[in-house]
Amino acid sequence: MEKIRTFIAIELDESIKDGLTQLQKRLQGEAPRGSVRWVRPEGIHLTLKFLGDVPADQIGEIARTLQKSCQGFAPFSLSCGGLGCFPDLKRPRVVWVGIQEETGTLAQLQKAIEENVSPLGYPPEKRKFSPHLTLGRVQKRVSSGDLRRLGDLVGASEIGTLGQMEVRFVHLIRSDLRPSGAVYTRLAEMELKKL
């Protein structure tokens, strides 16, 4: 049985991708050389649920479940801004930009998706949902000095708001890992519209 590496996400509009591109260029120039593997801006998504390797014959059922999860949610706005690291600035492994959404709709939507796909064999995350955009992943063999410099750089960077967008769709996306980076293909698109 063919398995497809799949996740559920919100795709970003061009203005936010442009803001992420500019920010990455700035950080690349200041971060210790070779310390971070930067994500291509066109490949950055707001991931709501990573499913992993999904049997190909289950994709249709997941799409129907996702459709059901999105019912009753109207389009909403979010903004990107703020820079941080997981797990923290002292031990940076992932460099991210934060997502702000004041009404709580994003968290409710993510929870609905999580609850609906769980019976299909995709249990809820143990960690609390923390909406973010991954800018880069710290390389494994980085010296402790470079890790400290990277954490200090992120901590000292004031980036303000990178952009705002209206979320009107949620996508089921296939991810094919290649040596040149992941290639993403939309498998299904769900429109948010209040019933």
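Every number in this text was worked out from the coordinates using simple rules, so none of it is lab data. Because the structure is predicted, anything quoted here is derived from the model rather than measured. Here Cβ is always computed from backbone atoms with ideal geometry, including for glycine, and neighbour counts include all displayed protein chains.
Somewhere in the stretch 150-169, is a residue in a loop (DSSP other than H, G, I, E, B), farther than 19 Å from Glu61 by Cα, without any contact (Cβ under 8 Å) to a residue 60 or more places away in the chain and not aliphatic (A, V, I, L, M)?
For the stretch 150-169, residues in a loop (DSSP other than H, G, I, E, B), farther than 19 Å from Glu61 by Cα, without any contact (Cβ under 8 Å) to a residue 60 or more places away in the chain and not aliphatic (A, V, I, L, M): present.
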- Task: Name the residue, out of Arg148, Arg137, that is of a type in the set (D, E, K, R) and within 13 Å of the chain's Cα centre (by Cα).
- Result: Arg137
- Message: If a residue must be of a type in the set (A, V, I, L, M) and farther than 16 Å from Lys128 by Cα, how many such residues does the stretch 60-118 contain?
- Response: 11
- Task: Looking for whichever is over 26 Å from Pro55 (Cβ atoms) and either touching a residue at least 12 places away in the same chain (Cβ under 8 Å) or buried (at least 18 other Cβ atoms within 10 Å of the Cβ) (or both) here; the options are Leu172, Leu177, Leu192, Leu187. Which one fits?
- Result: Leu192
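Okay, residues lined up against (1) basic (Lys, Arg); (2) without any contact (Cβ under 8 Å) to a residue 60 or more places away in the chain; (3) closer than 30 Å to Asp146 by Cβ:
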| position | (1), (2), (3) |
| --- | --- |
| Leu23 | no, no, yes |
| Arg37 | yes, no, yes |
| Val54 | no, yes, no |
| Cys70 | no, no, no |
| Ser77 | no, no, no |
| Leu83 | no, no, yes |
| Pro87 | no, yes, yes |
| Arg91 | yes, no, yes |
| Asn116 | no, yes, no |
- Item | Any chance Leu109 is touching a residue at least 24 places away in the same chain (Cβ under 8 Å), surrounded by 18 or more Cβ atoms within 10 Å (Cβ to Cβ) and closer than 30 Å to Glu61 by Cβ | yes
